[in-house]
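These notes concern the structure reproduced below.
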Amino acid sequence: MTIFDTDIKKLYGVGAARASHYASLGIYSVGDLLCHYPRGYEDRGNVKLLCEADGETKYAHLLTVATVPKSVRVKGRITLTKFRVYDDSASCEITFFNQDYLKNVFTLGSTFRFYGKVEKKAGRYTMTSPAYEPYIEGKELLPLVPVYPLTEGITQKQIAKDVSAAMTLAATMGEGDTLPDDIRHRNRLCTLSYAMRNIHMPESFSALAAAKKRLIFDEFFSFALGISMAGAKSRLAPAFACERSDLRPLESVLPYSLTGAQKRVVGEIESDMSRDTAMSRMVIGDVGSGKTVCAAAAMLFAVQNGRQAVLMAPTEILARQHYESLSKIFDNLGMRCALLVGATGAAEKRKIYAALSDEGDGRLDIVIGTHALLSDGVAFAAPGVVVVDEQHRFGVGQRATLAEKNPMCHVLVMSATPIPRSLALALYGDLDISSLDEIPPGRQQVDTFVVDEGYRERLNGFIEKQVADGGQVYVVCPAVEENQVDEEEEANILLCDVGIEGDLLYDCETPIKLKSAVKFSEELAARFPNLSVDFLHGKLKSREKEEKMAAFVDGRTDILVSTTVIEVGVNVPNASLMIVENAERFGLSQLHQLRGRVGRGSRKSYCVLVSDVASKEGKAKERLMTMKSSHDGYEIAEKDLAMRGPGDFLRSSGEGRVRQSGGVRFRLAELCDDTGLMRVAFDEARAIIADDPELESHPELRARVDSQFTLEQNSVN
Ligand code: ADP
Ligand code: MG
């Protein structure tokens with residue numbers, strides 16, 4: 001019995017009603033509650049005199065009650081309770097609403113630590129509904145008071161009280177620390193109980209920092225153990241070994257010669273496939289680095305050994321483009337290749353199914369498609385290699401099915417964007433990684449500009465000119481529908497900064513209007529009545545998305561306004577202008593990926609990043625200017641990591657890797673900006689798994705992994 005199996009209702013004072021409120025926060029067990037970390041802390045240790053208040057900031061004040069509280073009814077239903085308090089510098093009037101019972105709390109002569117904003121009106125100090133705690137000589141009040149994410153029906157005070165009860169219960173249950181002592185000492189981490197106590201009720205800033213460090217380490221460490229175990233497992237999976245492989249036929253039909261990086265990566269693939277354990281390799285490379293031809297080589301090797309190859313792409317358009325370019329190559333090599341997508345007709349599908357499972361001469365060697373490849377009818381007579389393009393676009397389940405359907409198979413996944421090596425090892429520790437770190441020669445550079453609203457009319461003129469010259473325009477917006485700005489539920493709570501706080505990416509002071517794809521496409525359609533404008537976003541049915549995208553590929557649409565769904569590696573050689581609205585909202589790697597959608601043909605191409613925030617000096621500007629100066633995806637990714645921290649990357653790409661269940665998720669690590677801490681956690685985990693792949697001598701860690709992850713059978717699942 002652990003705290004994660006202990007019902008929240010076991011806590012004194014938590015009944016069915018409160019339990020249902022907790023459920024809406026995803027809190028069901030005592031352990032869940034303990035992992036419901038504060039989202040910030042109020043700095044109440046820094047007590048100020050009334051005369052030091054600035055009228056804007058919330059401060060703590062030690063004040064003594066000077067008059068008996070009086071309640072008056074106003075406007076029928078509202079009761080005001082007022083009384084005066086004082087300290088050595090001044091006196092102040094405090095008002096509460098509809099809390100008549102406070103008369104009995106604020107007794108004459110008693111002292112409280114109030115926390116709130118002191119306002120000065122007509123020379124008199126006032127406070128309205130401040131937070132308060134009784135002050136008793138000799139009994140210390142905590143300097144930092146947690147602020148929890150709330151839901152309706154639960155107050156800060158109740159959560160704090162329940163957390164305190166949960167901690168007592170956890171202590172009596174003897175909830176142990178599963179982190180091995182040597183790892184804890186080596187990395188100067190505090191104990192789990194100290195960390196838990198201080199994340200919820202910090203004794204000091206430094207205790208809080210120590211607590212965060214320990215808990216973030218744990219989150220990385222658990223994830224790393226899960227990933228490393230999955231990797232160890234998949235590397236042992238049996239597969240057919242290629243006895244012969246010859247790249248020359250492929251090279252002879254290509255209109256170009258391979259780059260040095262491509263040759264190296266193909267060599268790595270070849271050596272993996274010559275072994276009788278399954279390849280699980282990921283090719284990471286910049287947009288346009290030529291990943292597809294590496295996939296083609298893997299497919300060729302499989303076919304040369306009497307096996308079949310399958311390539312799965314996340315969208316129908318991408319699958320078609322791959323089919324068009326690859327089938328030409330494979331036809332030339334005398335290999336039989338088919339396309340299988342959702343739109344493929346029933347009769348054609350049946351023919352393909354039959355040809356794939358054919359044991360004789362009619363057998364298909366290669367099939368390229370979408371998740372239509374996962375349907376029940378698809379069965380290979382002799383599967384050899386599975387290639388998954390743009391892997392992050394697939395759900396965990398979809399990737400699992402493809403690998404499960406094809407035992408004894410090698411697996412190759414293609415990444416969408418370059419990611420820094422430190423992160424690649426962390427995120428994809430279960431895969432071997434090949435870096436395609438060289439762009440084929442002769443690529444044009446996409447000129448990049450950072451502008452603000454002041455340039456709107458000139459920008460519109462530029463759009464017109466591009467289209468008049470026969471080009472096409474992408475416009476990317478951050479929102480689907482009108483203005484979805486996430487407003488902080490309690491925006492007025494002042495959170496003190498303790499180092500690991502908030503998302504650096506979106507540090508705009510005032511919420512700004514977000515351009516929405518639907519609305520903006522209407523505006524552009526009105527502005528350019530002679531041009532054909534369309535919009536595209538993730539909430540559309542996939543059929544609709546494919547059709548709209550196809551219209552743009554065919555040149556029937558001049559301006560495509562979209563959310564980032566167009567990020568996927570579709571090739572529209574005619575597209576010459578990429579405009580990104582509210583550009584400060586996007587990660588640099590994402591911007592680089594978007595920019596990679598233009599400049600794919602012979603047309604001189606441009607990328608315009610529109611941002612009103614970035615026109616002011618500061619981080620946002622610095623970030624966007626990086627895009628102007630750098631065109632190297634790896635360099636941009638490194639800068640992005642340095643500016644955003646690894647947490648954001650983990651959130652966007654980590655969770656699909658290993659299915660997580662149970663109590664611990666990336667709660668704190670999401671906000672972590674310390675790549676070093678992530679790295680040591682992964683190094684420690686890898687070292688343990690290298691010695692003991694099943695964690696046999698660490699049953700407590702094994703239990704932790706089992707309770708937190710559903711390990712997958714094969715790396716690409
Ligand atoms: P990505 O890595 O983004 O998937 P692709 O595989 O689609 O890139 O390749 C982008 C373009 O570069 C394609 O048109 C491809 O034919 C071309 N290409 C690939 N390798 C080379 C090379 N070695 N020399 C010249 N062009 C190449
Ligand atoms: Mg690609």
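General remarks:
- Taking chymotrypsin sites (Phe, Trp or Tyr not before Pro) across segment 222-286, the ones in a DSSP loop with at most 13 further Cβ atoms lying within 10 angstrom of their Cβ are TYR256.
- Each residue of segment 145-158 was assigned a 3J(HN,Hα) from its phi angle through the Karplus expression (A = 6.51, B = -1.76, C = 1.60, θ = phi - 60°), giving 10, x, 10, 8, x, 10, 9, 4, x, 10, 9, 3, 5, 5 Hz with x at Gly and Pro.
- Cα-based helix-to-principal-axis angle, 633-644 vs the chain, degrees rounded to 10: 10 degrees
- With the whole protein complex present, TYR606 retains an accessible surface near 50 Å², based on a 1.4 Å probe.
- With 20 Å as the limit, the listed pairs LYS82/LYS120; LYS349/LYS545; LYS58/LYS121; LYS212/LYS621; LYS604/LYS628; LYS48/LYS161 have LYS349/LYS545; LYS212/LYS621; LYS48/LYS161 beyond it between alpha carbons.
- The chain: angle of helix 396-405 to the longest principal axis, Cα-based, in degrees nearest 10: 30 degrees
- Å² per residue, accessible surface of the chain at 1.4 Å: 44 Å²
- C-alpha long axis of helix 346-357 to longest principal axis of the chain, angle in °: 80 degrees
- The share of C-alpha pairs in the chain whose separation exceeds 34 Å stands at 57 percent.
- Remark on THR557: its backbone amide H falls under 5 Å from those of PHE552, a criterion applied only to residues 5 or more positions apart or on other chains, H modelled at 1.01 Å from N.
- On the chain, 51 percent of the accessible area sits on carbon and sulfur atoms, based on a 1.4 Å probe.
- Distant-in-sequence amide contacts of ARG600, defined by a placed amide H-H separation under 5 Å and a gap of 5 or more residues or a different chain, comprise nothing.
- DSSP-loop GluC sites (Glu not before Pro) across segment 33-98, with at most 14 other Cβ within 10 angstrom: GLU56
- In segment 104-207, Rg over Rh equals 1.09, where Rg is the alpha-carbon radius of gyration and Rh the Kirkwood radius from pairwise Cα distances.
- ³J(HN,Hα), Karplus 6.51/-1.76/1.60, whole Hz, each residue of segment 520-537, x for Gly, Pro: 5, 5, 5, 4, 5, 4, 5, 6, 10, x, 8, 9, 9, 10, 9, 10, 8, 8
- Derived scalar couplings ³J(HN,Hα) [segment 331-342; Karplus, 6.51 cos²θ - 1.76 cosθ + 1.60; whole Hz; x for Gly, Pro]: 4, 4, 8, x, 9, 9, 10, 9, 10, 10, 10, x
- Average projection, convex hull of the Cα set of segment 45-141: 6.4 square nanometres.
- Nonlocal amide H pairs with VAL475, under 5 Å, H built at 1.01 Å: LEU560, VAL561, SER562, ILE579
- Trypsin sites (Lys or Arg not before Pro) within segment 35-137, DSSP loop, no more than 14 other Cβ atoms inside 10 Å: LYS75, ARG77
- When only alpha carbons are used to place a centre, segment 40-114 and segment 518-578 end up 58 Å from one another.
The values are calculated or read from the model by the stated rules, or taken from the named source; none is laboratory data. Nothing here was measured: the structure is a model prediction, and the numbers come from that model. Note: ideal-geometry Cβ built from the backbone for every residue, glycine included; neighbour counts use all protein chains shown. For the accessible areas, the whole protein counts, side chains as well, though only heavy atoms, and no ligand, DNA or RNA atoms are used. Shrake-Rupley method; radii C 1.70, N 1.55, O 1.52, S 1.80 Å.
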